[in-house]
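Peer 1: Okay, here's the structure, questions in a sec.
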Amino acid sequence: MQSPRVMVLQPPSPPYKNVSRDWQGGFGVAAESKRSCYGHDSSLNAFPCSALLYSLGALEEAGAEVQFVDGQVEQLDQGSILSRIRDFEPHLLAAAISLPSLEGDLQLLDSIKRAFPAVGIAATGTVVKVLHREVLLRSKGVDMAVSGDPEVVLPHLSRELQAGRHGFEGVPGVATRWHPADSAEPQGSALGDFAHGPKIPWHLLPMSRYYSTALGRPRPSATLMSSRGCPYPCSYYCPYPIGFGARMLLRDPRLVGDELQCLCRDYGRELILFRDQVFTFSREHSAAVCEEILSRGLSFTWFCETRLDRVDSDLLKLMKRAGCFAVHYGLESGDPDLLASVAKPGVDLGMAAASVRATKEAGLRAHLHVILGLPDENETSLVHTAKAIRALKPHTVNITWATPFPGTRFWDDAEREGLFLDPVRDYACLSGKRMVVRTRCLGPEALRAARRHWVRAIDGPLPLWFARGAARRTVAGMRRLLHTAARRSA
C-alpha cells in the first residue's frame, strides 16, 4: 500500500505583513511590510513553528512520506507554493495559520484548494484550537480544522488516508467543513509523551536558510524545546497555556543532548533558541540539559525564557558555562498590586531584583518583558512600572501592548466590559504591536503618553544600555541584508 504523502506548510507572510508565527503562544505577531505579494522580508529572522517541527517527526514515525515547505524563510510567493504542491502531489496539506495573518493565510489556502481540489487541507495552529468553527466558516479551502495538538492529530489523519478513509469526522481533535457549526466540541487530542518523542527530522528543513542576528552578525540558528507547557496562573492574559498546554511535559535530557549534538555537528548551528515556555520550571531538568551540553563538548550559544521565581545563582552560572548568553523574563508590571493579582502571581519586586542581579552576576544578559494596558492599569501603576524598570536595570526591555487573545479570560472581560477600542474585531490588530483595548480607567491617549514616558524614564532621556541595544539591532539588520545579498549573488 502506498504511503500517504503529506506536505506540512508554514505559509509565507501575506502581502504587507511579516509574521512571526511561533510567538505569543503560537497566535503569532506581525509587523508591517512594503512587500505587495506573499513572501517574507529578507531583513527579518524567520523560524518554523515549534509544533510543526515535532509534527514532522510524528508523521515520519507514522509511515507518511513527508515534505516540509517553509514559505517564510524561503520567501515563496503564491505561485511558488502552487508549484511545490504540483511537484509533490500530496494527499494531505497541513498548514499553520496565525491570528494577525488569518485573512491572508485563509486566502492562500482557498487558492490552493481551487488549484488542487483533491488535496485535503488541514489548518493547524493555536488560533485554530480556539476558533476552529470560524476558520471553517470563513474559508472555502480548509477541509479540517485541527483543534488538538498537531503532533497527535496529523499522524491520525495520515493513517486514515492510508486506510482509504476520507471523512475524518471521527478523528479526535478535528472539526471538518462538512459540519462547521456543530455545537459539539471536537474531542480533545493532547500530546501526552514529550519525553521520548517525536524527534525533529532536521533533514526535512531548509537548514542552510535559518539564521539569527540576535548576537549581531547572522549566525546559523535553530529552535527546539526541552520542555513544553505552562501551568502558572498568568493565563488570565497569557496565550501559552492555550498553545502549548497547561501541563508541564519534560523531554528526556539525553534526547535533548542528541538533538543539540546533531544540530551543532551535522548542521553547523551556532545559535539555539530554546522555545520552552518556562525553561527552568524544573531545576533538576534544566541542569541536566546543561550537563548534557557540557559532557558532549558542544560549542554553541543559546538563550531561553523563564520565570523570575524559577532561577538561582548556581543554576544561572551553570547555564552560562553551558553556552547560555541571555535569559528572557516576564515581569509584565512593576506595580506590586497588579503584579500579584494578574500580571505575574507568585513574583514580587524583591524577587525580580534578586533574579536580575543574579543573572547579570552570572555574566548573562537579562531581558524583561513588560505589558502596557492590562485592565486594572492606572496612573499609579504606570509610574510604579517605570520606576521598577529603572531600578532593575535589565540589559534590554520589550514593551508590549496588552492584547486580549481569544480563549483567555482577558478576551471575555474585554468583550463584556467594552474595553475594545474598535467594536469590530480585527484579528490583524491582535499582535501585541498595536493598542487594541483601553483600561478600566485610562483611554488610548493616556496609554500612548505612558509608553513614551516608560521609554524615557527607564534611566534618563536614552539610557546607555538601551542605546547600545538599539544600535546592535540596527547593525544586525544591515548585516543580515548584506548576508542575504551575498547568498543570492553566489
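Peer 1: When only residues in region 80-111 that are among the β-branched types (Val, Ile, Thr) and surrounded by 23 or more Cβ atoms within 10 Å (Cβ to Cβ) count, which is farthest from TRP23 (Cα to Cα)? Please lay out each step first, then the result.
Peer 2: At the first step, the residues of region 80-111 found to be among the β-branched types (Val, Ile, Thr) are 81, 85, 97.
Now drop any that are not surrounded by 23 or more Cβ atoms within 10 Å (Cβ to Cβ), which leaves 81, 97.
Details: ILE81: 24, ILE97: 12 Å.
Selected residue: ILE81.
Peer 1: In the set VAL475, VAL455, which member is at pLDDT below 60 and in a helix (DSSP H, G or I)? I'd like the intermediate steps shown before the answer.
Peer 2: On the way: VAL455 fails: at pLDDT below 60.
The unique qualifying residue is VAL475.
Peer 1: If you go through region 137-146 one residue at a time, do you hit one that is among the charged types (D, E, K, R) and in contact (Cβ under 8 Å) with a residue 40 or more places away in the chain? First the steps, then the outcome.
Peer 2: Going through region 137-146, the residues among the charged types (D, E, K, R) turn out to be 138, 140, 143.
After this cut, where a residue has to be in contact (Cβ under 8 Å) with a residue 40 or more places away in the chain as well, the list is none.
Scanning region 137-146, I find no residue that is among the charged types (D, E, K, R) and in contact (Cβ under 8 Å) with a residue 40 or more places away in the chain, so the answer is no.
For every residue, the table says whether it meets (1) among the β-branched types (Val, Ile, Thr); (2) surrounded by fewer than 18 Cβ atoms within 10 Å (Cβ to Cβ).
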site	(1), (2)
LEU392	no, no
THR403	yes, no
ASP413	no, yes
ARG416	no, yes
THR439	yes, no
ALA446	no, yes
ARG451	no, yes
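Peer 1: If I ask for residues that are free of Cβ contacts under 8 Å to residues at least 40 places away in the same chain and either under 15 Å from LEU157 (Cβ atoms) or part of a loop (DSSP other than H, G, I, E, B) (or both), which ones from region 109-132 would you list?
Peer 2: Correct list: PHE116, PRO117, ALA118, VAL119, ILE121, ALA123, VAL128.
Peer 1: Still on this model: On the given criteria, is ARG35 assigned to a loop (DSSP other than H, G, I, E, B) and surrounded by fewer than 23 Cβ atoms within 10 Å (Cβ to Cβ)?
Peer 2: yes
Peer 1: Out of the residues in region 65-79 meeting the condition of being among the β-branched types (Val, Ile, Thr) and within 22 Å of SER158 (Cα to Cα), tell me which one is surrounded by the most Cβ atoms within 10 Å (Cβ to Cβ).
Peer 2: Let us first name the residues in region 65-79 that are among the β-branched types (Val, Ile, Thr), namely 66, 69, 73.
So of that shortlist, the ones also within 22 Å of SER158 (Cα to Cα) come out as 66, 69.
On the way: VAL66: 25, VAL69: 23.
Ranking the candidates gives VAL66 first.
Peer 1: Does region 339-363 hold any residues that are in contact with a strand residue (DSSP E or B) (Cβ under 8 Å, 6 or more places away or on another chain), in contact (Cβ under 8 Å) with a residue 40 or more places away in the chain and either of a type in the set (A, V, I, L, M, F, W, C) or over 16 Å from PRO231 (Cα atoms) (or both), and which are they? Lay out the reasoning, then the answer.
Peer 2: Of the residues in region 339-363, the ones in contact with a strand residue (DSSP E or B) (Cβ under 8 Å, 6 or more places away or on another chain) are 339, 343-344, 347, 352, 355-356, 359-360.
Imposing the further condition that a residue be in contact (Cβ under 8 Å) with a residue 40 or more places away in the chain reduces the set to 343-344, 347, 352, 355-356, 359.
Across region 339-363, the qualifying residues are ALA343, VAL347, ALA352, SER355, VAL356, THR359.
Peer 1: Still on this model: Go through LEU368, LEU374 for me and flag whichever is in a loop (DSSP other than H, G, I, E, B) and buried (at least 16 other Cβ atoms within 10 Å of the Cβ). Spell out how you get there, then give the answer.
Peer 2: Values: LEU368 fails: in a loop (DSSP other than H, G, I, E, B).
It is LEU374.
Peer 1: Out of (1) free of Cβ contacts under 8 Å to residues at least 24 places away in the same chain; (2) within 23 Å of the chain's Cα centre (by Cα), the odd one out for ASP87 is which?
Peer 2: All conditions pass for ASP87, except number (2).
Peer 1: Being polar (S, T, N, Q) and under 18 Å from the mean Cα position of the chain (by Cα) is the filter here, so list the residues in region 1-54 that pass it.
Peer 2: Step one: filter region 1-54 for residues polar (S, T, N, Q), giving 2-3, 10, 13, 18, 20, 24, 33, 36, 42-43, 45, 50.
The answer is GLN10, SER13, ASN18, SER20, GLN24, ASN45, SER50.
Peer 1: Same structure, new question: Being assigned to a helix (DSSP H, G or I) and not hydrophobic (A, V, I, L, M, F, W, C) is the filter here, so list the residues in region 133-156 that pass it. Spell out how you get there, then give the answer.
Peer 2: Of the residues in region 133-156, the ones assigned to a helix (DSSP H, G or I) are 133-138, 150-156.
ARG133, GLU134, ARG138, PRO150, GLU151, PRO155, HIS156, listed by residue number.
Peer 1: Can you confirm whether region 98-108 contains a residue that is in contact (Cβ under 8 Å) with a residue 60 or more places away in the chain and closer than 15 Å to ALA122 by Cβ?
Peer 2: yes
The values are calculated or read from the model by the stated rules, or taken from the named source; none is laboratory data. Every value quoted in this text rests on a predicted model; they were computed, and no experiment measured them. Please note: Cβ atoms are built from the backbone with ideal geometry, for glycine as well, and neighbour counts cover all protein chains shown.
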